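What follows is one structure encoded as structure tokens, with my remarks underneath.
The values are calculated or read from the model by the stated rules, or taken from the named source; none is laboratory data. Remember, predicted model here, so these are calculated numbers, not experimental data. No Cβ is skipped: glycine too gets one built from the backbone with ideal geometry, and neighbour counts run over all protein chains shown. SASA here: full protein model, heavy atoms, side chains in, ligands and nucleic acids out. Shrake-Rupley method; radii C 1.70, N 1.55, O 1.52, S 1.80 Å.
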Amino acid sequence: VELSCIIKSTITPDPRIEWKKIRNGETSYVFFDNKMQGDFVTRAEILSRTSLVIKNTTRMDTATYRCEVAAPLDTKTIDEINIQLTVQ
């Protein structure tokens, strides 16, 4: 599964990108501090700096995934998008 967080334009040279998983009211990090976290370490990767690819998805991966971008030099310094993933 590939979840995309597209950044249209930014003047910040290296915006901070984080991915979080929200399931049953609990939020956990997927990608933080430029590395995968938790059980995603061995089965996920970042493509093109912004897309999250999760391999071997199971129903436990069903959740809302939030991509947060922080670009301190831009007019809009922080933005986010939520993507609902449902694994059958």
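What is the calculated FRET efficiency for Y29 to T75, with r their C-beta to C-beta distance and R₀ = 30 Å, to the nearest 0.05? Write out the running numbers ahead of the final one.
On the way: r = 27 Å, r/R0 = 0.90.
Efficiency, rounded to the nearest 0.05: 0.65.
Enter the accessible area per residue of the chain (Å², integer; probe 1.4 Å; all protein chains in place).
For the chain, the per-residue accessible area is 66 Å².
For region 14-85, which whole-number percentage of the solvent-accessible area (1.4 Å probe, protein heavy atoms only) is attributable to carbon and sulfur atoms?
Carbon and sulfur together cover 49 percent of it.
Let me know the whole percent of all Cα-Cα pairs from the chain that are separated by more than 22 Å.
Values: 899 of 3828 pairs.
Considering the chain, 23 percent of its Cα-Cα pairs are separated by more than 22 Å.
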